[in-house]
Amino acid sequence: MNMTMTDQFLTEMNPLSAKAEDLLNLGLQYCMGHGVKQSLVSAHKWFNISALKGNEAAKAYRCELSQEMTADEIAEAQRQARALLTVH
């Protein structure tokens, strides 16, 4: 998995089958806007899923990112993560 992975690609596969590090990298990609439109909601979503798989760095990034987001944005990121995980 590389830094050009998109949400669409991951939506078509089970994100739980992806490596936690790859999901972390996807979160970083969205956080910084590298190759994708910057989105804190999408970054938080991928950090959430990576953290669920036990990635400690993702937990730290998610916590830090949460300080820059509104409660509504965090809730939306959590909804999106749950929706992806529920589909798979």
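Just so you know, all these numbers are worked out from the coordinates, no wet-lab data involved. Source: prediction; values computed, not measured. Because the Cβ atoms are built from the backbone with ideal geometry, glycine has one as well, and the counts that use them run over all protein chains shown.
Annotation: peptides 42-50, 62-70, ranked by per-residue average of other Cβ atoms within 10 Å with the highest first, follow the order 42-50, 62-70. Once the gyration tensor of the Cα atoms in region 7-87 is diagonalised, the equivalent ellipsoid follows with semi-axes of 17, 13, 13 Å, ordered largest first.
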